[in-house]
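Shown next, in structure tokens, is the structure this report addresses.
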Amino acid sequence: DIEENIWIVFNGEIYNHNQLRKILINRGHQFKTKCDTEVIIYAYKEWGRECIHKLRGMFAFSIFDKIKKELFIVRDRIGIKPLYFSKNGSRILFSSEIKAILAIRKHNDTSLDEEAFYHYLTLSITPAQSTMFKGIKKLNPGHYMRLKLDGTMKIKKYWEPKEHEDYCKGLNKNEIIEQLRDLLNESV
């Protein structure tokens, strides 16, 4: 049963959850709630990791798939919702706030990542996955992480912005305006 085999931790909002719910109901899934979290669970059950391409919104979530023995952690396309992680062997800590990881890590290790600190002082930004704390990383926007129970971890980019010409190719001015209106309505 899905409630026993797929567990989720979710922060955010899925804007198109009502449309996805209709599709998933037509595919035989039965919902118990009206919340967007349940839509993610059934979307994962229906499409596996490919479900992330169907989600529109701001989110960071993790799904533990008991059958696959895999933790699947995802951050939204442009990184509205933060997601930090710290991996030590087969153990992983993850949170939307660094302080939650620091509270659990052994001896509350707050060692400075000197390279990230240097970049912050010189460029006012830390490099992509870096944070100011040694051993704590950011999952980049538009990326997901797969962690197997044996400790094997893979991080993969699933999205990047397309050139504007891709969206407008073959469309006239009115169709472009209509498409822009639809995208703004969906996202706002």
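Roll a 1.4 Å probe over the protein heavy atoms and report the accessible area of Ser124 in Å², nearest 10.
Accessible surface of Ser124 is approximately 90 Å².
Which one, (i) 53, 40, 33; (ii) 87, 32, 23; (iii) 55, 47, 25, gives Cα extents along the principal axes in Å as derived from the coordinates shown?
Entry (iii).
Could you order Val9, Val74 so the one with the most accessible surface comes first? Probe is 1.4 Å.
My answer, sorted largest first, is Val9, Val74.
To the nearest 10 Å², what's Tyr84's accessible area with a 1.4 Å probe?
50 Å²
Rank these residues by their accessible area, most exposed first, probe 1.4 Å: Phe133, Phe59.
Largest accessible area first, the residues go Phe133, Phe59.
Could you report the stretch 54-168's accessible area per residue, 1.4 Å probe, as an integer in Å²?
Here the per-residue accessible area is 60 Å².
Please give the solvent-accessible surface of Glu38 in Å², to the nearest 10, using a probe radius of 1.4 Å with every protein chain present.
20 Å²
Of the heavy-atom accessible surface of the chain (probe 1.4 angstrom), what whole percent is carbon and sulfur?
53 percent
Tell me which residues come under 5 Å, amide H to amide H, from Asn16 once H is placed; ignore anything under 5 positions away on its chain.
When sequence neighbours closer than 5 places are left aside, the close amide H contacts are Arg56.
If DNA, RNA and ligands are ignored and the probe is 1.4 Å, what is the ranking of Lys34, Lys54 by accessible area, most exposed first?
Lys34, Lys54
Mind giving me the nanometre distance, one decimal, between the label points for Phe117 and Ile25, set 7 Å out from Cα along Cα→Cβ?
For the pair Phe117/Ile25, the computed spacing is 5.6 nm.
The values are calculated or read from the model by the stated rules, or taken from the named source; none is laboratory data. Nothing here was measured: the structure is a model prediction, and the numbers come from that model. Glycine gets a Cβ as well: all are built from the backbone with ideal geometry, and neighbour counts include every protein chain shown. Side chains included, ligands, DNA and RNA excluded: accessible areas come from the protein's heavy atoms. Shrake-Rupley method; radii C 1.70, N 1.55, O 1.52, S 1.80 Å.
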